[in-house]
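Take a look at the structure below.
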Amino acid sequence: MTHTTLNYASIENPKSRHLPPPPGFSIASVTKSYEALKERRAWDFAVGPAKQLPMQAFMLYMSGGGVQIFSIGIVFMLLFSPFKNIAGINAAFAQFAPGTAPSPSRAQTFTTLPLQKLAYIACNIATLALGLWKCRSMGLLPTGSGDWLAFEPRGVAPEMSLL
Amino acid sequence: MRWPWLFIGLAAVARALHESEAGIIDWHKSFIGVPNIASISTAPSFHAQQGRPPAEALLITSTASNVLAALHASDGSIAWRYIYEPDDNIVYYKRNQSTIVSLSGPGGATLRIFECSTGHLLAETRLHKPAEGLLQDPSDFGTAVAFAEGEGDAYVLTNNHVVRRVDAAGDVQWTWMSPDQTALVAYSCLIATPSALYVVGLAKSFASYTLHITALSPTLGTPLVDAHIPSSIATGPTDLLIFTSPPSVVWLENGAAHRVQLEPSLKEKPGKLSGREYVSVVDVGLESSFVGVLPDGSASVISLTESGANLWTFPESGSSDRYTDSVFVGAKDGQGRPYIARVFWSNEWGKASAHVYAPHLAGGLVSGFTFPFQTLSHGTIVHAAVHVAYVKETDLLPYVVLTTSTGTIELWQGDRMQWTREEGLSRVRMAEMIELPERLSEGGQKDRAKEGFVERVLRHAVDAQHLPQYLAHFFTRFATGSYESAASPVLPSEPDTLTRDPFGFRKIIVAATDLGTLYALDSRTGTVLWKKLLSDGSNEDSLHPEPTALVLPAKLFVLRTAAEGGPEVVLVAQRKMANGPVDTVVFHVEAVRGRDKVGKLKEGAILKGEEVIQGAAIESFLVDAQSRFVLFLDQFRQVYIYPNTEDSRSDLASLLPSLHVPLRTGTPGSAQITGHTLQPALGFDGRALAQPSWTTSLSPGESILSIVKRPQDPIASPGRVLGNRTTLYKLLSPHLFAVTSSSSSSCSIRVLDGVKGSVMYHAVLPTGRGESFPGREGSCDVKAIFVENWLVYIYWDPEGTGLGEAKGQRIVSVEFYEGQGPDDKIGSEGLSSFVPDALRVSMFERAFVFPHRVSAITTTRTTFGVTSKDLIVANEADQIQSFPRVLLNPRRTHGKPTAEQQEEMLVPYDPLVPDDPRRIVSHRYRIANVHGIVTSPALLESTSLVFAYGLDLFGSRVAPSKTFDVLSESFNKAQLVLTVAGLAVAIIVAKPAVGRKRLRERWYRP
């Protein structure tokens, strides 16, 4: 019985990659505009959460003040997505890393695109704040003394009276 | 709708007892009370219709609980009963073939006529105002009833000088009053004959009494003759007997029986009846016979004839230590022939014995039999009633109804007991509900605490053989859904074992009566589990415990719970000797089986008391420290403890500096509450001594009605959270208690701190006026209950001061909170009373109109205190009713509640607490004269057990916030199981198909 094997290795290094550029094409200018594009896209991405805020606020308004499945769903989304976003911040911004980056691994560090990332974090915090505000208006934030009543220490009186 | 949220708020609380639950989760037992045997005119007697079978006979009696009742002789059930008001005590009853005439109140103020067989009240007449009644001792002296022949009319003697003829409708035909009321003649008996009505009385002369008889015209009531009979009666009315055939009066004079025959002119001369000497004469309620007791104790039956008397003596009836003193009773059969019975206890045989003498049979036949009366559990025989139903030539076979010293009524026919009634249960003074131990698996009966590792492994290995059974049971139970629900009756798996049911609905009610008995009842059904006699110190080892002292229960404590290795209770009682001295004794009982812990674990015997103090205890308390013990204070305020073990002594020594004891002090009429601290070794014999530290300033003339202490139940939450999530912290200082007091002009209620004596709350209430409580002017009818930080009291408001205000019952609900407002916290639960902060207290208070007068009040209690506490009251309509806490919230809003108040579920204030018939826990039962309600937590947090005692007993359970912790009855278990099973089948079927589809998709991806 003969075995047929597929040579995938030949796909990884196509010959077209080593073809010379067409005439009049400067690789440097293309790279430069490409970098500017990436930076603009990175800024767009960073302020993306902020742009969604009015829409989310409207949805919150529409979902009402009661504790129901819709309002809870939206509030959960608002509360969890900022953390999810911030946790995946480096991966999310890796695609916008400048081509000058020394290595793909460096693209995953916080120091690449720091300003955009800070803006992104700020926007996410704004989303979180919106979620918390909603929580508060629904009475879900444990802010009152009544919310901590069960944890309050209860003493034993030093005297003992027989009644 | 104007207040829609009101209905939202009420929807949660509107929960009625379902019809299907009635009689399943609750029970009630009706009683008539302990027969009043002090006089023959109130004691039990048989009523039989002529020509009817004996089983249809009725036993008629008036009782110490102020009830006139008839019992079926066939089974002892209540045919009817009529409950008199407490201030209208029955002094006399008399029956003829169809009616019963009763006199009640001071001097016989009220006359009532009842139909014998049904108990229907035919007539009720006020003969004189109760205030004009002469209080007599004995209470039936000076009252009498005699029936006029054939006409249904009755002659009534009241107040020892007024005679009336009353017809069947209760209307007075004529009245005759003794012309000289100030004179020393006090009439006590009536003899009705067709020609004259004789009113027999005693006139007081120097050293003795003289017989005085007045003859009245039966139709007009005019006096015919008035005569002093020359006589000298030393002791008074007890030595005077009257007879109707022939009409005559017999009295005892210098040990000899004298008799005078009566005829309208009263010319007959008195004469000596027989040559014998008598110590006393006993009225047995017959027309011509009585019993005379001779100096040697033997009893003669004397039957009067026209000319003289026949005499017959009971054989072997002289005083002897082989048998006790006898009870004599007379009876008549259907033909009206007399029988006289002698009932006594034979020490020789260890049985009771009855001898019935029939003068007309075979020239005087005595029929005797013995019967196994249980003297160790029922005490001694104090009264007997006899009904001779089947008369044979040589045998009488009478029904004998015994009344015992512990309030039991028993019917014996020959040596067979037909039925027994525990009327002592109508005299319950205090009760506790005690949790049952869990059911232990087989072989686990011995003490597990001492079990070693190897034994334990072995036990588990042995237990493992039951695993297949258990699994089979588990799956059938799961599949069929046959769980116990909260509404199902608690049926024991094994009827003879006393173990806890899954929800803890089954408890033992230990109840102490003032007849010197201790009962244990099953809380599911009210059946008596055991009954123990409390020893009075002299009769512990006797086989026939004759009571020589009164044992009155004072306090009942649970010394050990089921979880601590078998429930045990301690009853603190005062033992009052007949000659005066009072001792404090303790009865220590294992609650499940009633085993004595003081004596040597003798089962079925009398409970032996341990004398703790030779003298009265002024108070006793349960101290719950490392060990649990009872602390007593004697009259000199010295400290005693029980059990007096090393543990409790060292516990007391370590607790002593921190103990504070508020006590009632002062004389009656000017009472005070005085706080005491305990000083070690200041008393006699090195005992600790209570020294006063503070005292209240009650005004002179004020007396203390009750001390209301808070139950030591777990408190789920230390605060009440408001709508804006701030907290009102509850005032939970463990030292607070409430005191109700009365003076001539006002009643008051105070909340005091038991350590420092600070008055936290004080309200002055009006007294009940005369028109609302006749004869109880200036009385205070204040009922209060205090739980957590919530004080509720109900009182009678005699009159509003303003226009449009009405008199009525008021309920005031007070809640105490720490500090001045929300979030102002002082930590009162653990705060010393001496810290200034302890007085920074605020309260909310609101009064409502309450629909009923109540005789007992309590709140529900649950295991963790999470469930809201309903108020449970016994109302004047003889019902047990619950009122939701929501409606009694003192923070109910004025007007429409705001959003925050709505969030708190506050209901707008309404002055009237609605009388919701759906919340009557006792539904259609009549639970008469309740004077105490005990509530106790079940294992289910939602449910609280209720036990009410008084004349009747009632047990039920309530769930103030519905049974939130069990699935409802309507839950479709089958649907759930089928859905889950269907889904499981679908998964099993679909799984291979889906797998194949996935594989195919891999291969043939487009």
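The numbers here are math on the coordinates, done by the rules we state, and not lab data. If you're wondering where the values come from, they're calculated on a predicted model, not measured in any experiment. Every residue, glycine as well, gets a Cβ built from its backbone with ideal geometry; the counts of neighbours run over all protein chains shown.
List of remarks:
- Take the Cβ atoms of B:ALA362 and B:HIS228, set R0 to 30 Å, and the FRET efficiency comes out at 0.10.
- Here the relative contact order of chain A, from alpha carbon pairs under 8 Å that lie six or more residues apart, stands at 29 percent.
- At q = 0.15, 0.25, 0.31 Å⁻¹, base-10 log of I(q)/I(0) for the range B:514-563 (Debye sum, equal scatterers on each alpha carbon): -0.56, -1.04, -1.17
- Pairs over the 32 Å Cα-Cα cut-off, from the set B:LYS29/B:LYS576; B:LYS783/B:LYS962; B:LYS94/B:LYS555; B:LYS896/B:LYS962: B:LYS94/B:LYS555.
- Taking each residue as 0.36 nm, the span from B:VAL172 to B:VAL985 lengthens on full extension beyond its C-alpha to C-alpha distance by 283.9 nm.
- Note on the range B:90-129: along the principal axes its Cα atoms extend 29, 15, 11 Å, ordered by decreasing extent.
- Rg over Rh for the range B:544-695 works out to 0.99, both radii taken from alpha-carbon positions and Rh defined as the Kirkwood radius.
- Across all directions, the shadow cast by the convex hull of the protein assembly as shown built on its C-alpha atoms averages 73.2 square nanometres.
- Judged by the mean number of other Cβ atoms found within 10 Å, the most tightly packed of the peptides B:423-429, B:622-628, A:152-158, B:930-936 leads the ranking B:423-429, B:930-936, B:622-628, A:152-158.
- For the protein assembly as shown, a simple Cβ point-charge model (Lys and Arg +1, Asp and Glu -1, everything else neutral) yields a dipole of about 6600 debye relative to the Cα centre.
- Residue mean of other protein chain beta carbons inside 10 Å, B:819-829: 2
- Cα-based Rg of the range A:42-139 normalised by 2.2 N^0.38 Å, two decimals: 1.26
- Of B:ALA123, B:ILE988, B:GLY221, farthest towards positive along the dipole that unit charges on Lys, Arg, Asp, Glu beta carbons give chain B: B:ILE988
- With viscosity 0.890 mPa s and temperature 25 °C, the Kirkwood radius over alpha carbon pairs of chain B converts through Stokes-Einstein to a diffusion coefficient of 75 µm²/s.
- 3J(HN,Hα) from dihedral phi, the range B:988-1003, Karplus parametrisation 6.51/-1.76/1.60, rounded to Hz, x for glycine, proline: 4, 6, 7, 4, x, 4, 5, x, 4, 5, 4, 4, 4, 4, 4, 6
- Spatially proximal aspartates and glutamates relative to B:LYS129 (Cα-Cα < 16 Å; intrachain offsets below 8 disregarded): B:GLU85, B:ASP87, B:ASP88, B:GLU771, B:GLU777
- Normalising the Debye intensity of the range A:17-66 to I(0), with uniform scatterers on Cα atoms only, and taking log10 at q = 0.13, 0.26, 0.31, 0.33 Å⁻¹ returns -0.57, -0.94, -1.05, -1.09.
- Extension gain from B:GLU287 to B:GLU85, taking 0.36 nm per residue of separation minus the Cα-Cα distance: 69.5 nm
- Efficiency of FRET between B:THR244 and B:THR313 - r from beta-carbon atoms, R0 25 angstrom, step 0.05: 0.55
- Set of lysines near A:LYS134 by C-alpha distance (under 20 Å), chain-local residues within fewer than 8 positions excluded: A:LYS51, A:LYS84
- Free-standing Cys, chain B [no other Cys Cβ under 4.7 Å]: B:CYS116, B:CYS189
- Distance between modelled label sites at A:LEU118 and A:PHE76, nm, 7 Å Cα→Cβ extension: 3.5
- Dividing the mean sequence gap of close Cα pairs (under 8 Å, 6+ apart) by how many residues the range B:528-662 holds gives a relative contact order of 18 percent.
- Spacing of the two label points (7 Å from each Cα toward its C-beta) at B:PHE834 and B:GLU546, in nm: 5.8
- Charge dipole (debye, nearest 20) of chain B; +1 at Cβ of Lys and Arg, -1 at Cβ of Asp and Glu: 3580
- All lysines inside 24 Å of B:LYS450 as judged from Cα atoms, apart from same-chain residues fewer than 8 positions distant: B:LYS597, B:LYS600
- Note on A:VAL47/A:TRP133: beta-carbon distance plugged into 1/(1 + (r/R0)^6) with R0 of 25 Å gives a FRET efficiency of 0.80.
- Label point 7 Å beyond Cα of B:GLN712 along Cβ direction - residues of the range B:557-585 with amide nitrogen under 18 Å: B:557-572
- The listed peptides B:983-996, B:210-223, B:507-520, ordered by packing as a protection proxy, come out as B:507-520, B:210-223, B:983-996 (highest mean of other Cβ atoms within 10 Å first).
- Size descriptor, Kirkwood hydrodynamic radius, that averages inverse alpha-carbon separations across the range B:648-785, Å: 17.5
- Seen from a random direction on average, the alpha-carbon convex hull of the range B:65-121 projects onto 3.9 square nanometres.
- Charged-residue dipole, Cβ positions (Lys, Arg, Asp, Glu), the range B:286-440 about Cα centre, Debye nearest 20: 180
- In the range B:180-254, inverting the average of 1/r over every pair of distinct C-alpha atoms gives 12.7 Å as the Kirkwood radius.
- Just so you know, the Rg over Rh for the range B:104-262 is 0.97, from Cα atoms, with Rh as the Kirkwood radius.
- Dipole of chain B, positive end: most advanced residue of B:GLN626, B:ALA64, B:ILE857 [Cβ charges, Cα centre]: B:GLN626
- Percent RCO, i.e. relative contact order, over chain B, from Cα pairs under 8 Å lying at least 6 residues apart: 7
- Residue mean of other protein chain beta carbons inside 10 Å, B:727-738: 3
- For A:149-158, mean number of other protein chain Cβ atoms within 10 Å: 6
- Scalar couplings 3J(HN,Hα) for the range B:813-820, obtained by applying the Karplus form with A = 6.51, B = -1.76, C = 1.60 to θ = phi - 60°, are 10, 10, 10, 9, 10, 6, x, 9 Hz; x denotes Gly and Pro.
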